[in-house]
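Below: the structure, in structure tokens.
Laboratory data are not the source of any read-out in this text; all were calculated from the coordinates shown. All values derive from a computational prediction rather than experimental measurement. With ideal geometry, Cβ positions are generated from the backbone for all residues, glycine too; neighbour counts draw on all protein chains shown.
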Amino acid sequence: MSKQELALRGQDSPDGCCPTLLTAPLDAQSAADLAQVFKALGDPVRLRLLSMIASGDGGETCVCDLTPAFELSQPTISHHLKLLKQAGLIDSERRGTWVYYRLLPAMTDRLAAVLTRPAVPAETLEGIS
């Protein structure tokens, strides 16, 4: 398993739909993989960094814009960004002196799919007012 792109094994079915936590139990490896991603998101600084990157102009943010937003040293910010990258949530590209970060929507889409409750069939809703 690559550190860049964490595969949520056991989540994809042949029709492209992902089971949710409410429709199928996670196997041990899938739970471990998901736990690594949620652990990366469990820190307020990393969550803010992810939010800043995701909402950046053009879908990316320069590290030069991230560091001043925190009362933390540059190495500490770099460490948090490294953990987000290892969890497969962001990617980076060096341009000259600066590094630009962007969200990897495939991972956030997978997380959303795992956490989403299954849709209620329309015929079930017909009798509900």
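Within the set of other residues whose C-beta is less than 12 Å from the C-beta of Cys62, count the net charge using Lys and Arg as +1 and Asp and Glu as -1.
On the way: positive: Arg94, Arg95, Arg102; negative: Asp57, Glu60, Asp65, Glu93.
With Lys, Arg at +1 and Asp, Glu at -1, the net is -1.
If a/c stays under 1.5 just call it rounded; otherwise compare a/b with b/c (prolate if a/b is bigger, oblate if not). Do that for the stretch 28-115, with a ≥ b ≥ c from the square roots of the Cα gyration tensor eigenvalues.
Working: a/c = 2.06, a/b = 1.61, b/c = 1.28.
Verdict is prolate for the stretch 28-115.
Can you tell me the order of 66-77, 100-111 when each peptide is scored by its average per-residue count of other Cβ atoms within 10 angstrom, highest first? Spell out each step's value before the answer.
Working: 66-77: 12.8, 100-111: 17.2.
By packing density, highest mean first, the sequence is 100-111, 66-77.
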